[in-house]
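Down below is the structure, laid out as structure tokens.
The values are calculated or read from the model by the stated rules, or taken from the named source; none is laboratory data. Fair warning: this is a prediction, and the values are worked out from it, not measured in the lab. Quick reminder, even Gly has a Cβ in these numbers, built from the backbone with ideal geometry, and neighbours come from all protein chains shown. Side chains are part of the model used for accessible areas, which takes the heavy atoms of the whole protein and leaves out ligands, DNA and RNA. Shrake-Rupley method; radii C 1.70, N 1.55, O 1.52, S 1.80 Å.
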Amino acid sequence: MSSNEGASDGSAISIEDQDCLLRAKEIAVNQHFKALVESSDDAIISKNLKGIVTSWNAGAQRLFGYSAEEMIGHSLLKLFPPEKKNEEQFILEKIIAGEKVHHFETVRIHKDNTSLNISVTISPIYDQQGKVIGASKVARDITKRIRRDRTVQQFEALVQSSDDAIIGKSLEGIITSWNRGAASMFGYSAEEMIGQSMLSLLPADRQEEEASILGRLGKGEKIDHFETVRVCKDKRQIEVSVTISPIVDKHGTVIGASKIARDITDRKKAEARLELTSRVFTNTNEAIIIADACGTIIEVNEAFTNISGYRREDVLGNSPTMFRSSRQGPEVLAAMLESLAEHGQYQGELWSRRKNGESYAGYLKVSIVRDAANNIQNYVALFADITSLRIKQEELEHLAHFDALTDLPNRILLSDRLHQAMVLSQRTQKSLAVLYLDLDGFKDINDEHGHNAGDQVLIAISQNMKAALRSVDTLARIGGDEYVVVLADVQGPHQCGLMVEKILRACAEPIVVQDKILQVSASIGVTIYPQDNVDADQLLRHADRAMYEAKQAGKNRYHIFDSALDAEVKALGLQHEKIRQALAANEFFLRYQPKVNMRTGVIIGFEALIRWNHPQLGQLAPDAFLPSIEFHPLSEELGEWVMNAALKQMDAWRIVGLPISVSINIAPRQLQQKDFAQRLAAALEKYPDVHPRDLDLEILETSALQDLHAVSDVIRDCQQCGVRFSVDDFGTGYSSLTYLRHFPAETLKIDRSFVGNMLEDCENLAIVQAIIGLATAFSRDVIAEGVETVEIGEKLLELGCELGQGYGIAKPLLAEEVPDWVANWRSYPSWK
């Protein structure tokens, strides 16, 4: 039977019908598959073996932003970032080999140039003969998942790196997480604690806390900064501050809790210590001052207010120096600072001042508080008021060392001061004088007017003598009408004689007692140390013996123990009379020694040098007569004569067209006159055409050092007149750097004793170098005296000193010789 026959009775399907049915099924499958591809959220893409896109579903468009029209027929490399381009060759090699690439995570670029994290599965596409002709690719966006994973990782790292204990637990109190902070704080590892009850961390007396906490968490409450106690693995109890928060699921249901615990044991101990310190600070009887690193007061206690009278707000922000009392000098503060710098603490007695101005004694302890880096953080001072004890001690010491009637030092204190004065004399190589004094006629006053009148006389005479002495001298009463005076720093027999005469006059002043005028005199014995080179007791005995000689000679006079010194005093008196007569007879005159710039040859001025045209001895240099009047009023008269003579000569030179600068030497006594600046101004007014700047006053370094501040004030007053100042003989007076910094003289003169032999003496050369360096450092001019040879000048120029004077330049000239010398002076070629 044929095929047509089988079809006619419905018992069989023809071949054509079978083909139609198969094609229909194939179309249906393709349409179903296409619908699945198009509806997928994933990107489903096919490409050929050259990487050209052959299909592009809606998921691909949503994922990458490109439409099918934009991608089909184009290379898939369009989606690759530059650093991922090599992946395509790798994938194609896998596909050609018939391999499948499963869940390959990589990065692709969206149409808007943003990066996408994707997971890719790529499978080969075969033809009917089983040959690979392309690939299908399914890509899924995993950007959010990766970000979520990173967030989780960061959160977990944060939790694990925290020093606080961060613990998770269920609503039954079972531990579900345990970070490293918890392990460090409590001593248990995560393996030991996860799955265990939180009760294992609670001490026995706090077990009920957990039930309360879980009950509150069940209601969704948060517990902030709850302070409690927990037990560590080593059974040690620690104080903790706990914050517990409920953990809720996405439906808002509480499913557990997170707990953050911080160990506050050290903080609680510190708070306890601070509270104790605060109670001590508030309630102690000792005053407490706390200052910052700069010494500024930042806190005081109540005891400080009670002792000092200052309120807290009166002193905060101020320096403790506001309490300084005038009863103590700066050496106490200096000693305190030195002790703090060396030892970090200081203790000792000092005087302070209350708010009402009253001084009081305190026992002070100061300590430095440092931070971890050893930097000063604070100063803490504690002190107690010991005024009553100190006053009592001073009263006892005063009674032991001072005469009850006259309040003068007694024999005990005299002995101590005399020994100190002798030690100082040895160190400074300066003399001291010991005077033994007995009143003449005092017994008659006692007998005639009574002992009360006698006591009044002794008190008055003591006050008169004390007023006649210097602050460095000591006046002591050693019994009855006998006194001892110790004169320190005696410059010579003449000064000693002047001071003794002053004491004699003080003793002879009339005294009014009980409406009666009473008068006594004194006999004084004098000995001078170290010329009388014996011990202190023998000095007193020698002075006593000399006092007896004075009484025997007629009273109201003094006698010097050393006959040679006595003769010297008389000789000095005769010398003074001759100088006085020479002034009256106009026997003094001036010579002028040039001062030049050795390098340039410029004449910078002349130094006026006094000479005495003695009738018998001929022309005398200053060394022959000036030392004898150094401390005598004659030095003032002679100094004033020099000043006027120099100004007169300067005016005469100016008239003939020779304006010359002149320097004159000022004696110490002349400089210390109270009205010296006024006398200088008056002398300058006599010669109004002489420029004051052309007058240079030279003062001895040693005289300036005796009272630097007073001399500096005098110099500044004189500089207001326009004159200049130089320091003569610099280097011989042991100046300090403070002297140079504060002394207002413009020029330093290097003493000839250093310059004259500096080429042979290396020590003198070093001194000259040092002085030049100091002058440069302190911006002073420097001039060398004693330039006797060309070689000395060359060396000075090499050292940086250009100004000089000396016989190598010119001897001191008469006034009439100066004009010719000025016209002919030329500097040495080697100096240029």
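Among the residues making up region 202-244, those that are open to solvent by less than 90 Å² (accessible area, probe 1.4 Å) and closer than 18 Å to residue 266 by Cβ are 227, 228, 229, 230, 231, 232, 238, 239, 240, 241, 242.
Take region 783-796 and flag every residue that is under 40 Å from the mean Cα position of the chain (by Cα) and touching a residue at least 40 places away in the same chain (Cβ under 8 Å). Please lay out each step first, then the result.
Residues of region 783-796 under 40 Å from the mean Cα position of the chain (by Cα): 783-784, 796.
The answer is 783, 796.
Yes or no: region 174-190 includes at least one residue that is in contact (Cβ under 8 Å) with a residue 12 or more places away in the chain and in contact with a Gly (Cβ under 6 Å, 6 or more places away or on another chain). So far as region 174-190 goes, yes, one or more of its residues are in contact (Cβ under 8 Å) with a residue 12 or more places away in the chain and in contact with a Gly (Cβ under 6 Å, 6 or more places away or on another chain).
From the list 433, 381, exactly one residue is in contact with a helix residue (DSSP H, G or I) (Cβ under 8 Å, 6 or more places away or on another chain), modelled with pLDDT under 90 and buried (at least 18 other Cβ atoms within 10 Å of the Cβ). Which is it?
Values: 433 fails: modelled with pLDDT under 90.
So the residue among 433, 381 that is in contact with a helix residue (DSSP H, G or I) (Cβ under 8 Å, 6 or more places away or on another chain), modelled with pLDDT under 90 and buried (at least 18 other Cβ atoms within 10 Å of the Cβ) is 381.
Among the residues of region 316-329 satisfying the criterion of being touching a strand residue (DSSP E or B) at 6+ places or on another chain (Cβ under 9 Å) and outside any loop (DSSP other than H, G, I, E, B), which is surrounded by the most Cβ atoms within 10 Å (Cβ to Cβ)? Break it down stepwise before answering.
From region 316-329, those touching a strand residue (DSSP E or B) at 6+ places or on another chain (Cβ under 9 Å) are 316-320, 322-328; that's our starting set.
Adding the requirement that they be outside any loop (DSSP other than H, G, I, E, B) leaves 320, 322-324.
Details: 320: 18, 322: 13, 323: 22, 324: 16.
Filtering region 316-329 for residues that are touching a strand residue (DSSP E or B) at 6+ places or on another chain (Cβ under 9 Å) and outside any loop (DSSP other than H, G, I, E, B), the one surrounded by the most Cβ atoms within 10 Å (Cβ to Cβ) comes out as 323.
For region 492-512, give me the residue count where each residue is open to solvent by less than 10 Å² (accessible area, probe 1.4 Å) and either closer than 22 Å to residue 430 by Cα or modelled with pLDDT under 90 (or both). So that I can check it myself, show each step before the final result.
At the first step, the residues of region 492-512 found to be open to solvent by less than 10 Å² (accessible area, probe 1.4 Å) are 496-497, 500, 503, 506-507.
Narrowing the set further to residues that are either closer than 22 Å to residue 430 by Cα or modelled with pLDDT under 90 (or both) leaves 496-497, 500, 503.
Of the residues in that region, 4 qualify.
On the basis of being modelled with pLDDT under 95 and either more than 30 Å from residue 829 (Cβ to Cβ) or surrounded by fewer than 15 Cβ atoms within 10 Å (Cβ to Cβ) (or both), does residue 664 make the cut? For residue 664, the condition - modelled with pLDDT under 95 and either more than 30 Å from residue 829 (Cβ to Cβ) or surrounded by fewer than 15 Cβ atoms within 10 Å (Cβ to Cβ) (or both) - is not met. Of the residues 593, 531, which is under 55 Å from the mean Cα position of the chain (by Cα), of a type outside the set (Gly, Ala, Ser) and within 24 Å of residue 488 (Cβ to Cβ)? Among 593, 531, only 531 is under 55 Å from the mean Cα position of the chain (by Cα), of a type outside the set (Gly, Ala, Ser) and within 24 Å of residue 488 (Cβ to Cβ).
Taken over region 604-643, the criterion of being more than 26 Å from residue 781 (Cβ to Cβ), aliphatic (A, V, I, L, M) and outside any strand (DSSP E or B) is satisfied by 617, 621, 624, 629, 634, 638.
Quick check on region 268-285. Is at least one of its residues part of a loop (DSSP other than H, G, I, E, B), at pLDDT 85 or above and surrounded by fewer than 18 Cβ atoms within 10 Å (Cβ to Cβ)? Even if it seems obvious, please write down each step before you answer.
Narrowing region 268-285 to residues part of a loop (DSSP other than H, G, I, E, B): 284-285.
Subset that is at pLDDT 85 or above: none.
There is no residue in region 268-285 that is part of a loop (DSSP other than H, G, I, E, B), at pLDDT 85 or above and surrounded by fewer than 18 Cβ atoms within 10 Å (Cβ to Cβ).
What are the residues in region 432-485 that are closer than 23 Å to residue 540 by Cβ, under 60 Å from the mean Cα position of the chain (by Cα) and in a helix (DSSP H, G or I), if any?
Applying the first criterion (closer than 23 Å to residue 540 by Cβ) to region 432-485 yields 432-440, 442-443, 458, 461-462, 464-466, 468-485.
If we keep only those that are under 60 Å from the mean Cα position of the chain (by Cα) too, we end up with 432-439, 458, 461-462, 464-466, 468-485.
Selection gives 458, 461, 462, 464, 465, 466, 468.
Have a look at 649, 673 and point out the one that is of a type in the set (S, T, N, Q), open to solvent by 20 Å² or more (accessible area, probe 1.4 Å) and part of a loop (DSSP other than H, G, I, E, B).
On the way: 649 fails: part of a loop (DSSP other than H, G, I, E, B).
It is 673.
Residues in region 413-435 that are of a type in the set (D, E, K, R) and either closer than 20 Å to residue 401 by Cβ or touching a residue at least 60 places away in the same chain (Cβ under 8 Å) (or both): 416, 417, 430. In the set (1) modelled with pLDDT under 85; (2) outside any helix (DSSP H, G or I), the condition left unmet by residue 712 is number (2).
Checking each residue in region 391-410 for being open to solvent by 60 Å² or more (accessible area, probe 1.4 Å) and over 20 Å from residue 472 (Cβ atoms) picks out 391, 392, 393, 395, 396, 397, 398, 399, 404. Scanning region 78-118 for residues that are open to solvent by less than 60 Å² (accessible area, probe 1.4 Å), part of a helix (DSSP H, G or I) and modelled with pLDDT under 90 yields a count of 6.
Within region 652-670, can you find the residues that are of a type in the set (Gly, Ala, Ser) and assigned to a helix (DSSP H, G or I)?
Looking only at region 652-670, we keep the residues that are of a type in the set (Gly, Ala, Ser), and these are 652, 657, 661, 663, 667.
Across region 652-670, the qualifying residue is only 652.
Going through (1) touching a residue at least 40 places away in the same chain (Cβ under 8 Å); (2) more than 29 Å from residue 393 (Cα to Cα); (3) surrounded by fewer than 13 Cβ atoms within 10 Å (Cβ to Cβ); (4) not small (Gly, Ala, Ser) one by one, residue 313 falls short only on (1). Would a scan of region 766-782 turn up a residue that is free of Cβ contacts under 8 Å to residues at least 24 places away in the same chain and either within 28 Å of residue 658 (Cβ to Cβ) or not small (Gly, Ala, Ser) (or both)? Among the residues of region 766-782, not one is free of Cβ contacts under 8 Å to residues at least 24 places away in the same chain and either within 28 Å of residue 658 (Cβ to Cβ) or not small (Gly, Ala, Ser) (or both), which makes the answer no.
When the residues of region 800-821 are filtered to those that are outside any loop (DSSP other than H, G, I, E, B) and open to solvent by 40 Å² or more (accessible area, probe 1.4 Å), which remaining residue is nearest to residue 764 (Cα to Cα)? Break it down into steps so the answer makes sense when it comes.
Looking only at region 800-821, we keep the residues that are outside any loop (DSSP other than H, G, I, E, B), and these are 803-804, 813, 815-821.
Of the ones still in play, those that are also open to solvent by 40 Å² or more (accessible area, probe 1.4 Å) are 816-817, 819-821.
Values: 816: 36, 817: 34, 819: 35, 820: 35, 821: 31 Å.
That would be 821.
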